[in-house]
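The values are calculated or read from the model by the stated rules, or taken from the named source; none is laboratory data. From a predicted model like this one, the values you see are computed outputs, not experimental measurements. Note: ideal-geometry Cβ built from the backbone for every residue, glycine included; neighbour counts use all protein chains shown. We work out accessible area using only protein heavy atoms, side chains counted, and drop any ligands, DNA or RNA first. Shrake-Rupley method; radii C 1.70, N 1.55, O 1.52, S 1.80 Å.
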Amino acid sequence: MNVVLLEPEMPANTGNIGRTCVATNTRLHLIEPLGFKLNDKLIKRAGLDYWDKLDVTVYSDYQDFLDRNPGAKIYMATTKGQHVYTDVAYEPDCFIMFGKESAGIREDILVENQDRCVRIPMWGDIRSLNLSNSVSIVLYEAYRQNGFEHMTMEGELHHLHWNK
């Protein structure tokens, strides 16, 4: 799986998303311009000690991303989408793109990918969910559809044992 952040603005969100990507063995793709420097202390604090384990690629712009990932199946997560995120079948090697916090994905990009624009249902007229929460919701649905392949499915207690 691949998560793509198009021009992210907030380092704490990107740090949280990076941590989620490490926990799910997901590649993170960052498309510039970024609203922060990659060595920002807020990224490191949000990502804790996971950032160095992250598989991350940075692109100079959207076209650079497309050029370096030819044929990529890209789903666009947007509040403007006409399909609910659970209504599509995510391939194990797909890309799930999220836009910047203040404006989302540009409409010209959305129109070019209309059939792959997905949204998370929300109540009322709230503008959007937090970006890192949105990534988690859609990414885990994609992994659920693919059987949580290679993920640990059971946890262990630290001091006690589960009754068998």
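Some values worked out for this structure:
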{"item": "Meets criteria (open to solvent by less than 50 Å² (accessible area, probe 1.4 Å) and at negative phi) for Leu160", "result": "no"}
{"item": "Lone qualifier among Tyr75, Tyr50, Tyr90 - being among the hydroxyl-bearing types (Ser, Thr, Tyr), at pLDDT 95 or above, within 26 Å of Asn146 (Cα to Cα) and not in a loop (DSSP other than H, G, I, E, B)", "result": "Tyr75"}
{"item": "Where a residue in segment 140-153 is open to solvent by 100 Å² or more (accessible area, probe 1.4 Å) and its partner, wherever it lies, is of a type in the set (Ser, Thr, Tyr) and in a helix (DSSP H, G or I), with Cβ under 9 Å and at least six apart", "result": "Glu149/Tyr143"}
{"item": "Residues located in segment 58-67, provided they are part of a helix (DSSP H, G or I), open to solvent by 60 Å² or more (accessible area, probe 1.4 Å) and closer than 15 Å to Leu5 by Cα", "result": "Gln63"}
{"item": "Only listed residue being within 15 Å of Met1 (Cα to Cα), open to solvent by less than 100 Å² (accessible area, probe 1.4 Å), among the β-branched types (Val, Ile, Thr) and within 16 Å of the chain's Cα centre (by Cα), chosen from Val118, Val135", "result": "Val135"}
{"item": "Residue that is least open to solvent (accessible area, probe 1.4 Å) [pool: residues in segment 18-38 that are at pLDDT below 95 and within 22 Å of Asp64 (Cα to Cα)]", "result": "Gly18"}
